[in-house]
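See structure below.
The values are calculated or read from the model by the stated rules, or taken from the named source; none is laboratory data. Note that the structure is a prediction, hence the values are computed from the model and not measured. Note that each Cβ is placed from the backbone with ideal geometry, even for glycine, and that neighbours are counted across all protein chains shown. We work out accessible area using only protein heavy atoms, side chains counted, and drop any ligands, DNA or RNA first. Shrake-Rupley method; radii C 1.70, N 1.55, O 1.52, S 1.80 Å.
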Amino acid sequence: MNQTFWLTNSLSGKKEKLETIEPGKLTMYSCGPTVYGLIHIGNLRSGVVSDLFYRAFQKAGYEVTYVRNYTDVDDKIINKANEEGRSSEEVAAEFVIEVEKDYQSAHMLEPTLKTKATEYIQPMIRMIESIIKEGKAYVTETGEVLFSVEDFQGYGKLSGKNLEELEAGARVEVSDQKRSPFDFTLWKPAKPGEPSWDSPWGKGRPGWHIECSAMIHEAMGPQIDIHHGGEDLVFPHHENEIAQSEAACGKSPFVKVWLHHAFLTFNQTKMSKSLGNVFNARTFIEQYGGELARWMLLSVHYRKILDFSEETIDHSLSALERLYEAKLRATQLKERRTLRPDPVKESVWGEFVSQIENYKKELNEAISQDFNTPEVFSVLFRLVREFNRIQSTEGMIDTPSVSLAAECFLNFIEKDFGEIMGLGGEEPRAYLKFLGEIRSKRMSTSGAESLSSDEIEVLIQERKDARASKDYAKADEIRNHLLERGVEIKDGPQGTTWKYV
Ligand code: AMP
Ligand code: ZN
């Protein structure tokens, strides 16, 4: 391996040199979505980040086995299915298809294996049996199987939580079934209206955590190199995965390197379905396209919070325009032929081409340093600037070597940068047109945001006055004016409310 990765391992909290279990091979797992609705842009960050890891490891020459799951049995899926009078299989199957569409739009590669929890029930049952045999799980009177955290040495090693402190601070009611408040469910008995499977403990279904442990074991064995997920999963999900896998298989560490990405936030609050502050990935992609979505999601280092805002979108839009303008120019110059050689110009372009090798090294270095994507973008734009500077210098394009230089530059964009980042592959002319349309739409609606709430309140008062004096034409005019500026008003018992649309 001629590329050494240094990765921040959540287990140690340190940046560590990656040494895989088997040299040249790499096993990786990422916790995927629960399929009961469209994913939001925060979930898409999870997918895109794991896809970046996969691409980077492959590009570095590892033979990668990459497994990603779909949680297709879960309370939320069951609730939705019951509300809609459908089976949970039907709901899950529908949203697996929908999620895949968004993943494809965001240029995500197919993992080596995509697993669904319901297809791994037997391996889960086998694993639970092993844990019970090891004396680290127990069956309650009601037929629930619980993991006994106190019987597993090292519980808390990933999240840095200490069981005694946890228990002291626990506000969780210790049910009479649980020996410790942090014992968690491996198997629960069936309830009417829920999917269930036969097991040694009667009909039931698995707890959430066991699916990842069982799928990993089945697909890749008792130990893997990389495990990825959002930082919300560190505790308890990943902590519990470690407990289950190490208890069942007796191998430690279950995972060599844990990688956790930070949240995508909306107005500084985590975007989440349960909070209701979601922006669907689908809506975003329909508006801005997958290339821009991916660009935005990778513009911030995966371990840093990404606040989703108009400004973030604008930055990505401008960066993409800059890149694709240079790409368009390079595409045109690549075709330039039948020019007279000029030794001075040849040497400038020759120097540019040889510099590209250095940029490639810098790019690989940035990626191997804990996937430093902001640095990757900075390397790219230094090269773009250099290309722009030379090609816009008087006479510099009138020489045969310009086409080779343009070709090398394009190769850098599409292969070196593009294959790792999953970006830069659009046809420049059509794509610039698309970006131009986005820009003009944003310009025409940005006036709406510039109407301050005070200005809106004044207009609402004017409309109220107009209505009071029965001047309905004027009242309608004000309503339409507000709408044109992107503000929708609604009359209700509490008066008139408004929102940006
Ligand atoms: P879920 O469907 O909630 O299990 O989430 C699927 C993946 O998306 C997990 O890796 C989560 O950690 C991740 N995720 C959920 N919400 C966010 C968010 N706001 N920002 C980043 N990742 C998230
Ligand atoms: Zn998981």
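Applying the condition of being within 15 Å of ligand 1 (Cβ to nearest atom) and open to solvent by 20 Å² or more (accessible area, probe 1.4 Å) to the range 210-244 and asking which residue is nearest to H260 (Cα to Cα) yields E231.
Can you report the number of residues in the range 1-28 which are in a loop (DSSP other than H, G, I, E, B) and either under 10 Å from V257 (Cβ atoms) or within 18 Å of the chain's Cα centre (by Cα) (or both)?
7
Looking across the range 245-270, the residues that are over 23 Å from E16 (Cα atoms), within 16 Å of ligand 1 (Cβ to nearest atom) and open to solvent by less than 50 Å² (accessible area, probe 1.4 Å) come down to L264, T265.
Just one of the listed residues (Y62, Y54, Y66) is within 16 Å of ligand 2 (Cβ to nearest atom) and more than 17 Å from L264 (Cα to Cα), and it is Y66.
One residue is enough: does the range 79-99 have a residue meeting the conditions within 15 Å of ligand 2 (Cβ to nearest atom) and in contact with an Asp or Glu (Cβ under 8 Å, 6 or more places away or on another chain)? Within the range 79-99, not a single residue is within 15 Å of ligand 2 (Cβ to nearest atom) and in contact with an Asp or Glu (Cβ under 8 Å, 6 or more places away or on another chain). Only helices (runs of 4 or more DSSP H) whose full extent lies in the range 398-474 are considered here, and the ones with at least 3 residues that are of a type in the set (S, T, N, Q) and open to solvent by 10 Å² or more (accessible area, probe 1.4 Å) are 401-411, 428-450. One residue is enough: does the range 198-221 have a residue meeting the conditions more than 16 Å from ligand 2 (Cβ to nearest atom) and farther than 21 Å from L146 by Cα? So far as the range 198-221 goes, yes, one or more of its residues are more than 16 Å from ligand 2 (Cβ to nearest atom) and farther than 21 Å from L146 by Cα.
Can you say whether A281 is away from ligand 1 (no atom under 16 Å from the Cβ), crowded, with 20+ Cβ neighbours inside 10 Å, at pLDDT 95 or above and in the same structural domain as I125 (by TED's automatic domain parsing), as far as the supplied structure shows? It is false that A281 is away from ligand 1 (no atom under 16 Å from the Cβ), crowded, with 20+ Cβ neighbours inside 10 Å, at pLDDT 95 or above and in the same structural domain as I125 (by TED's automatic domain parsing). If you go through the range 71-89 and keep only what is among the hydroxyl-bearing types (S, T, Y) and surrounded by fewer than 22 Cβ atoms within 10 Å (Cβ to Cβ), you end up with T71, S87. When the range 29-63 is filtered for residues that are assigned to a strand (DSSP E or B) and either open to solvent by less than 20 Å² (accessible area, probe 1.4 Å) or outside the structural domain of T115 (by TED's automatic domain parsing) (or both), the ones remaining, listed by number, are Y29, S30, H40.
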